[in-house]
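All remarks here apply to the structure that follows.
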Amino acid sequence: CLSDWSSDVCSSDLLPTTLARDIAAGEAAWVKQRAFLLTLYPEKAARLIVHLATGGEPGVALGLATALLDVREKNQTKAAPGAGSEEDDSSSWRPSPVPIGKIEPWYAQSLLIRITEPLLATVPNDFVKAVARNLNRAVTIHCSNQRDDREDYSTIWRPHLAYSSHYETLDECVSAVTNAIKLLGKQDADNSAMIMTALAPYKWPIFDRLRAFVYLESAHPDPAAVAKFLCD
């Protein structure tokens, strides 16, 4: 387990890639069974992810990263929406559930800062799909008490896509996507189509905003694609 390693004695970036790959696969399986991870764990896991991503094993690196960033709903009893009177509706109201991660939002931010560029350099499509899927899961949890499944009220809890406070897991899930969009947008190649395809399966309004953000951040967007997007 990485949490038992001494960084001075067993540095992940000195391991042969084949050994690091086997360790990461075991760690990913272990992480999936954990509800929470110690604060030192993400730092050590980040070193292992970067080592694998830059050493020819980006798929294994992404598997560990995905396990670390996975979100879930707090254990709580949710009342079903009332089916009758206004009194029933009022008595069954609950605040929007808050999705939580295996690591605290600040540590998730630190992890993403270290691993995003190496993974985008090696498995950009799979990484964008992974963070988009995780965001969809977080938003779905957050909106699970609502009657209207077409609105996520993201303009309230995330008014600015480009930046946030990083105090909440939901915010951090958005930042994982926006940071990937920003980095890919700076490249000479136009990655807009690839990102739009990764975002396409998700219908929450936050994803509509992210789709517009893709073209806003792209250094070389396809004018025809932008025109079609605006018309749609």
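The values are calculated or read from the model by the stated rules, or taken from the named source; none is laboratory data. Not measured: the values here are computed from a predicted model. We place every Cβ from the backbone using ideal geometry, glycine too, and count neighbours over all the protein chains shown. Remember, those area values only see protein heavy atoms, side chains included, never the ligands or the DNA or RNA. Shrake-Rupley method; radii C 1.70, N 1.55, O 1.52, S 1.80 Å.
Thinking of the chain as a set of Cα atoms, what percent of all their pairs are more than 25 Å apart?
Everything past 25 Å amounts to 46 percent.
Please report, largest first and rounded to whole Å, the three semi-axes of the ellipsoid equivalent to the stretch 161-213, where each semi-axis is the square root of five times an eigenvalue of the C-alpha gyration tensor.
19, 15, 8
Quick one: net charge around His220, please, counting Lys, Arg +1 and Asp, Glu -1 for every other residue with C-beta under 12 Å from its C-beta.
Computed value for this residue: -3.
Measuring from centroid to centroid over Cα atoms, what is the spacing of the stretch 105-124 and the stretch 160-192 in Å?
11
On a 20 Å Cα-Cα criterion, which of the cross-link pairs Lys74/Lys203; Lys203/Lys228; Lys44/Lys182; Lys74/Lys102 come out too long?
Table pairs above 20 Å Cα-Cα are Lys74/Lys203; Lys44/Lys182.
Explain nothing, just the number: relative contact order of the chain, from Cα pairs under 8 Å at least 6 residues apart, as a whole percent. Walk me through the intermediate numbers first.
Numbers: 292 pairs, mean separation 40.5, N = 232.
Rounded, it is 17 percent for the chain.
Contact order normalised by length for the stretch 124-232, with contacts defined as Cα pairs under 8 Å and 6 or more residues apart; what percent is it?
Numbers: 97 pairs, mean separation 34.8, N = 109.
Reported relative contact order: 32 percent.
Using a 1.4 angstrom probe, figure out how much accessible area the chain has per residue, in square angstrom, rounded to the nearest whole.
With all protein chains present, the chain gives 53 Å² per residue.
Tally Lys/Arg at +1 and Asp/Glu at -1 over every other residue whose Cβ is under 14 Å from the Cβ of Tyr167; what's the total? The partial results should precede the final answer.
Working: positive: Arg158; negative: Glu104, Glu168, Asp171, Glu172.
Value of the local net charge: -3.
Roughly speaking, to the nearest percent, how much of the chain's 1.4 Å accessible area is carbon and sulfur? Provide the component values of the computation, followed by the final result.
Working: 6710 of 12280 Å².
That fraction is 55 percent.
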